[in-house]
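The values are calculated or read from the model by the stated rules, or taken from the named source; none is laboratory data. From a predicted model like this one, the values you see are computed outputs, not experimental measurements. Cβ: placed from backbone, ideal geometry, glycine included. Neighbour counts: every protein chain shown.
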Amino acid sequence: MVPIPEVASFEELNEHLLAQCLTDDRRRVDRQPVTIGEAWEMEKPHLRPLPARDFDCCVTRPVTLNGYSQVVLDTNRYSVPVDRAYRNLVLRACPFRVDILHLDEVLASHRRCYDREQDIFDPLHYLPLLEQRPGAFEHAKPIRRWRKEWPPVYERFLGRLQEQDLNGQSVREFVRVLKLHRDHPAELVEQAVKQALEYGCIRADGVELCLRQLLNPDTPVPALSLADLPTWAMVGEQPPDLSCYDQLLERV
C-alpha cells in the first residue's frame, strides 16, 4: 500500500490489489530458490480444503419493520417493499450492502450507508401503496427524491395525464407507468414514455404497448380484423332507414 493507491471505489481498489498480488507472484525473495508464486503452488497440496459453502462476510440480526416499511441499522433506516412487508425480518449487513430477508428470500437490497439518521429509500418499494392512496403521491418523501432525478419526459407525461383528468385516476395511471421500472431497464421505460407521448397514447396501457414493441422490435404488430369486433363489423352494412325522412315532412 505504499504509495497509497488512488482509486474511485472499493471495487477498483480490490481489482488493483489483485493485480499487484499477481505481479508480486513473479518476485523472488532474497536467498530463496523459487518465486513467491512457485512457493505458493508448492504449499497448496498441504492446505486444508475450502469449506463447501462460502463464508458470509456479514453481520446477521433480527429486525422489526416500522410503520414506514423500514428497518433500522446503526440509526439508518432502509426500506422494504410495502407489498412484501412482514413484521419480523432478518437483516444481513455486509461491508458495502444491506440485505433484508424473510426466511431465505431477499426482499430488498441497498448500498450500505455509514452516515447517521439517514433514510435509504427505494421508491419502487412504495408504489403499490401510492396506487391505493394517490393523494399521498405529491408528499411522499421517496417520490419527491426520485422526482429530482427522473427524466423531464416523465413530468410532461404526468402533466398530460392530469390535463385529461381521467376521473381522478391520473396519478394511478402514472404510478402504473413507474411500476414498469420493477421489471425493465430505466432507459427502455423512458424511451417508451417518449414514444407514447409522440403517438398521443397518454395512458399506462400505451406506454406498456410501446415498451413491448421496444423489447421485441422484430415482432410485427398484429393486424386488427373487424371480425374480432362484431359491433364495428356491421358499420356501413345496415340498409338505410328511409322512415327517418318522414319526420322532416311532419315538421313542414
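Mind listing whichever residues of region 7-38 are more than 32 Å from the chain's Cα centre (by Cα) and part of a loop (DSSP other than H, G, I, E, B)? Hits for region 7-38 are ASP25, ARG26, ARG27, ARG28, VAL29, ASP30, ARG31, GLN32, PRO33, VAL34, THR35.
All told, THR64 meets the bar of being closer than 30 Å to ARG133 by Cα, among the polar types (S, T, N, Q) and free of Cβ contacts under 8 Å to residues at least 40 places away in the same chain. From the list LEU158, LEU197, LEU178, the lone residue that is without any contact (Cβ under 8 Å) to a residue 24 or more places away in the chain and in a helix (DSSP H, G or I) is LEU158. Against the condition exposed (fewer than 12 other Cβ atoms within 10 Å of the Cβ) and either on the phi > 0 side of the Ramachandran plot or among the aliphatic types (A, V, I, L, M) (or both), how does LEU103 come out, does it pass? Taking the combined requirement at face value, the residue satisfies it.
For region 8-22, the set of residues classified as modelled with pLDDT of 90 or more and surrounded by 10 or more Cβ atoms within 10 Å (Cβ to Cβ) consists of GLU12, LEU13, ASN14, GLU15, HIS16, LEU17, LEU18, ALA19, GLN20, CYS21, LEU22, listed by residue number.
Here is a yes/no grid of residues against (1) more than 30 Å from GLN169 (Cβ to Cβ); (2) modelled with pLDDT under 95:
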residue: PHE55; (1), (2): yes, yes
residue: THR64; (1), (2): yes, yes
residue: ALA108; (1), (2): no, no
residue: GLN118; (1), (2): yes, no
residue: ASP122; (1), (2): no, no
residue: GLU131; (1), (2): no, yes
residue: PRO134; (1), (2): no, yes
residue: HIS139; (1), (2): no, yes
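Criterion applied to LEU107, LEU101 was being part of a strand (DSSP E or B) and in contact with a helix residue (DSSP H, G or I) (Cβ under 7 Å, 6 or more places away or on another chain), and the one residue passing it is LEU107.
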